[in-house]
Amino acid sequence: MDAPIDWLLEGDAWIAYRTRMDMLGQSEKDDAVKAARAGMLADSRVQALVTELGNWPGKVIASHKSAGQPFHRLTFLADLGLRADDPGVDQITARIFEHPSAEGPFQLSAAVSSAYGGTGREVWAWALCDAPLILYALVKFGLQEDPRVRAGIAYLAGLARENGWPCVVSQELGSFRGPGRREDPCPFATLAMLKLCAQVDWLRDSSAARSGAEALLSLWSDSRTRHPYIFYMGTDFRKLKAPFVWYDLMHVLDVLSGFAWLKGDARLQDMLGVLQRKADDQGRFTVESVWTAWKDWEFGQKKEPSRWLTLMAWRVMKRNAQG
């Protein structure tokens, strides 16, 4: 079965742009790529996201899993391919840079109740389930050489353990920790860090990245018995979702497929097989669980195949193709 390229190119400009870049390998200088990118930047939904994030960071964080969180919207813009010099992005990055922590990662406005080890007051802080994603977006925007970005990356990379990354928060959040054993890796923090590592040359082949990938792949192999920090790889995990927000099959596959040295890993291939069996006879994929915060986007429904989800699936398969 071949990727439905023509069908993908008939979609929204942001889908056509990423199809040309990720599946066809066309140059940014190509006229068709330029046109698709211009259409993406002009799209009213993309512009609305840029405008919204210009007020970074917006609301106080309640749940990191909330698909409407600003840092999840930020990573989606980065995944589309927006850059630091695109209209409005400079305002977003300037606001992010206003709140560096003493350690290096950038802070968000957050509040943790005393029942969970916090103070209950709104403070500027970071956690390992948000800080790597902010840095990921900054790297994708083209700011990877900014010394403030490099400092944040270096600090977070240094938190790695032999079994991935643990649940870590900045000192402002007190003794807060997720519901798990201290010695366990946090699956989502590990996924977020791997997402960042895959974009950073000096981390992509590091021992930290390899240990993190091994942690997630081991959890897949032991999915029936190991559920650290109450993260499961069961039925809900295997439902196809877009965009990449939380701990699910597509997100994990997209991140792990960014490491060329994992190609051929039997566990990754097994995970990939679950995805491939969900394609229809035309090679298209349909969202199986919807993030309601994204209901106005073409992947915000379960009735018809989604071009964006299909593109993400085929991109994963392309990265993992043998040969």
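Worth a mention:
- As a summary of the residue check, Gly104 satisfies the conditions (1) surrounded by 15 or more Cβ atoms within 10 Å (Cβ to Cβ); (2) at pLDDT 95 or above; (3) not acidic (Asp, Glu); (4) not in a loop (DSSP other than H, G, I, E, B) except for the one numbered (4).
- Qualifying residue in the stretch 276-288 (condition: among the small types (Gly, Ala, Ser), at pLDDT 95 or above and assigned to a loop (DSSP other than H, G, I, E, B)): yes
- Inside the stretch 282-306, residues that are surrounded by fewer than 23 Cβ atoms within 10 Å (Cβ to Cβ), touching a residue at least 40 places away in the same chain (Cβ under 8 Å) and within 13 Å of Leu240 (Cα to Cα) make up a count of 6.
- Residue in the stretch 246-265 that is within 21 Å of Phe76 (Cα to Cα), polar (S, T, N, Q) and touching an Asp or Glu at 6+ places or on another chain (Cβ under 9 Å) present: no
- Checking each residue in the stretch 14-58 for being under 20 Å from the mean Cα position of the chain (by Cα) and at positive phi picks out only Gly58.
- The stretch 211-244, residues that are within 20 Å of Leu128 (Cβ to Cβ) and small (Gly, Ala, Ser): Ser211, Gly212, Ala213, Ala215, Ser218
- A count restricted to the stretch 276-308 and to residues that are out of contact with any helix residue (DSSP H, G or I) (no Cβ under 6 Å at 6 or more places or on another chain) and hydrophobic (A, V, I, L, M, F, W, C) stands at 6.
- Scanning the stretch 23-52 for residues that are in contact with a Gly (Cβ under 8 Å, 6 or more places away or on another chain) and not β-branched (Val, Ile, Thr) returns Arg37, Met40, Gln47, Glu52.
- Here is the figure for the stretch 219-233: residues that are small (Gly, Ala, Ser) and either under 25 Å from Thr75 (Cα atoms) or in contact with a helix residue (DSSP H, G or I) (Cβ under 8 Å, 6 or more places away or on another chain) (or both) total 1.
- Tallying residues that are in a helix (DSSP H, G or I) and among the polar types (S, T, N, Q) within the stretch 171-205 yields 2.
- In the stretch 206-237, the residues that are basic (Lys, Arg) and part of a helix (DSSP H, G or I): Arg210
- Within the stretch 48-59, residues that are surrounded by fewer than 19 Cβ atoms within 10 Å (Cβ to Cβ) have Cβ atoms under 7 Å from residues that are modelled with pLDDT of 95 or more and among the polar types (S, T, N, Q) in these pairs: Gly54/Gln91, counting only partners at least 6 apart in sequence or on another chain.
- Screening Phe97 with (1) closer than 22 Å to Pro185 by Cα; (2) modelled with pLDDT of 95 or more; (3) among the aromatic types (Phe, Trp, Tyr) gives one miss only, at (1).
- Cβ-Cβ under 7 Å pairs, at least 6 apart or on other chains, the stretch 238-249 side under 16 Å from Gly273 (Cβ atoms) and part of a helix (DSSP H, G or I), far side at pLDDT 95 or above and not hydrophobic (A, V, I, L, M, F, W, C): Leu249/Arg238
- Restricting attention to the stretch 113-126, the residues that are touching an Asp or Glu at 6+ places or on another chain (Cβ under 9 Å), modelled with pLDDT under 65 and aliphatic (A, V, I, L, M) total 0.
The values are calculated or read from the model by the stated rules, or taken from the named source; none is laboratory data. This is a predicted model, so every value here is computed, not measured. Here Cβ is always computed from backbone atoms with ideal geometry, including for glycine, and neighbour counts include all displayed protein chains.
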